1. Kindly check whether there is at least one residue in the stretch 33-53 that is of a type in the set (Gly, Ala, Ser), assigned to a helix (DSSP H, G or I) and out of contact with any Pro (no Cβ under 9 Å at 6 or more places or on another chain).
2. Condition check: closer than 30 Å to ARG4 by Cβ, among the acidic types (Asp, Glu), in a helix (DSSP H, G or I) and over 12 Å from the mean Cα position of the chain (by Cα). Does ASP93 satisfy that?
3. Return yes or no: is ILE131 under 27 Å from ASP93 (Cβ atoms), of a type outside the set (Asp, Glu), surrounded by 13 or more Cβ atoms within 10 Å (Cβ to Cβ) and at pLDDT below 95?
4. Just name the residue that is nearest to TRP172 (Cα to Cα) out of those in the stretch 111-156 that are of a type in the set (S, T, N, Q) and assigned to a helix (DSSP H, G or I).
5. If we keep just the residues of the stretch 139-160 that are free of Cβ contacts under 8 Å to residues at least 60 places away in the same chain and either of a type in the set (Phe, Trp, Tyr) or closer than 26 Å to LEU182 by Cβ (or both), which is surrounded by the fewest Cβ atoms within 10 Å (Cβ to Cβ)?
6. Could you check, for the stretch 105-128, whether at least one of its residues is surrounded by fewer than 21 Cβ atoms within 10 Å (Cβ to Cβ), within 13 Å of the chain's Cα centre (by Cα) and at pLDDT 95 or above?
Amino acid sequence: MARRPQVKVLVGSLRQVSVNRRLALALTGLLASEMDCALVEIGALPHYNEDDETNHGTRVKEFRKQCAAADAFIFVTPEYNRSVPGVLKNAIDQGSRPKGLSVWKGAPSGVIGASPGVLGSCMAQQHLRNILAALDVPVMGHPETYIHAKPGLFQEDGTVTDDAVTQFLRQWCDSFRQWTHLIKPQLSH
C-alpha cells in the first residue's frame, strides 16, 4: 500500500477570520480520510529579493522545507483588485527560486477560492493558474470552483453550513485526489 499523500495548503489571506482560511479548513477536513493536509503560513515571509536567493533567512528556509516535503498543493485564494493577493505571489516567488530549485515543480495542485462577491475569486484564480503554469506546476483544470461566500457559509472551524456547497466541495476533493494520483501514480492506493 502506498503512503498517504502529503498536501500543503497555502491560503492567500492573512485574516484569521478569512473565508478562504475557513474554506481551506473545510477542504483539509474533507480530504483527511486519504491525505495528510497541513496549512503553511505565509504571512511572515520577507519580500522576495533576488539578492537573498543564495542566503535565505530562517523563515524562508523553513517555508521551503515545509513545501519541499509536499506531494501536492492546494492554493486557496481570495481576489484583491481582480488578482492574486501579494502575500500569495510572494510565497510562490520564494518557493520558485533560485532557478532550478523550485519547490513547486511537477507537484499536482488545485486552485480554489471564495469571495463575498458573486464572481467568487475567478479572476485571481485565472491569474494564479497562469503563474503556476510558468513554474511547471500541473494544476487540476476541472472542476473550476468559484465560491460566493455569503455571510455564515463557513463556520470558524471550516464547517460549511450549506449542504449543496458541501456536496460540491466533496466532488472537488474527489477530483483533487484523482488528479494527484494521476500526476503521481506512486501515491495511488
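The values are calculated or read from the model by the stated rules, or taken from the named source; none is laboratory data. Here the structure is a predicted model, which means the values were calculated and not measured. Note: ideal-geometry Cβ built from the backbone for every residue, glycine included; neighbour counts use all protein chains shown.
1. no
2. Answer is yes for this residue.
3. No.
4. The qualifying residue nearest to TRP172 (Cα to Cα) is GLN125.
5. Taking the candidates together, the pick is HIS142.
6. no
Every residue, every condition in (1) over 22 Å from ARG177 (Cβ atoms); (2) at pLDDT 95 or above; (3) over 14 Å from the mean Cα position of the chain (by Cα), yes or no:
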site	(1), (2), (3)
MET1	no, no, yes
LYS8	no, yes, no
GLY12	yes, yes, no
ARG15	yes, no, yes
ASN20	no, yes, no
LEU27	no, yes, no
LEU31	no, yes, no
THR54	yes, no, yes
LYS61	yes, yes, yes
